[in-house]
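Visitor: Sharing a structure, written as structure tokens. Questions coming.
The values are calculated or read from the model by the stated rules, or taken from the named source; none is laboratory data. All of these numbers come straight from a predicted model, not from anything done at the bench. Here the Cβ positions follow ideal geometry from the backbone for every residue, glycine too, while neighbour counts run over all protein chains shown.
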Amino acid sequence: MKKKKIIIYAVVSASIFLLTALASAATTMSIQVRETQLRATPDYFGKIISRAVYGDQVAVEGAKGSWKKVRLKKTGRTGWLNSSALSAKEIKLLAGAKGTKGAASASELQLAGKGFNPEVEKEFKNRNRQISFFWVDKMEQIVISDAEKQKFARDGGLTLSGNGGR
């Protein structure tokens with residue numbers, strides 16, 4: 001009976017240790033948008049300290065609401081990203097490189113960054129000649145500074161910190 005209790009105690013202790021170790025290990029995620037900004041604080045207007053692009057790997061070190069504290073694997077920089085820019089799926093951009101087997105399909109690469117690449121856009125325009133893309137092209141050229149975004153939010157009574165605001 002005493003031997004059985006020791007075995008049960010050992011199994012329970014090992015299980016607790018293993019679960020604790022797994023919970024504390026950093027989760028690896030991938031950037032799933034064309035480009036995103038690593039921020040000093042978990043806030044849409046937090047100071048930008050670095051940038052990450054589609055496919056970059058990050059180690060998640062913490063969380064606050066919809067924000068993840070991450071470390072960029074390629075540079076070691078640490079900061080905050082909104083979870084909407086992250087995917088648990090590993091993204092490998094190998095297709096097209098000499099001597100490699102494509103880890104991403106052609107359609108995945110075309111959708112990289114959740115947008116058309118120039119070739120896909122050209123093909124789409126050729127198949128849909130009746131559609132005017134003039135205003136879409138104009139909108140893609142618009143750049144809005146953080147100062148302009150903050151003014152817009154203040155003027156509209158919006159709060160954009162934390163989990164996306166209201």
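Visitor: I'd like to know if the range 108-129 contains one or more residues that are surrounded by 12 or more Cβ atoms within 10 Å (Cβ to Cβ), modelled with pLDDT of 85 or more and not basic (Lys, Arg).
Guide: Within the range 108-129, the subset surrounded by 12 or more Cβ atoms within 10 Å (Cβ to Cβ) is 108-113, 115-117, 120-121, 123-125.
With modelled with pLDDT of 85 or more added as a condition, the list becomes none.
Scanning the range 108-129, I find no residue that is surrounded by 12 or more Cβ atoms within 10 Å (Cβ to Cβ), modelled with pLDDT of 85 or more and not basic (Lys, Arg), so the answer is no.
Visitor: When residues of the range 141-166 are filtered for being within 21 Å of Ser84 (Cα to Cα), surrounded by 10 or more Cβ atoms within 10 Å (Cβ to Cβ), of a type outside the set (A, V, I, L, M) and at pLDDT 80 or above, how many remain?
Guide: 3
Visitor: Right, here's the next one. Name the residues in the range 130-140 that are at pLDDT 85 or above and not in a loop (DSSP other than H, G, I, E, B), would you?
Guide: If the condition is that a residue be at pLDDT 85 or above and not in a loop (DSSP other than H, G, I, E, B), then Phe134, Trp135, Lys138, Met139 are the ones that fit.
Visitor: Could you list, in sequence order, all residues of the range 73-98 that are modelled with pLDDT of 85 or more and in a loop (DSSP other than H, G, I, E, B)?
Guide: Hits for the range 73-98 are Lys73, Lys74, Thr75, Gly76, Arg77, Ala88, Lys89.
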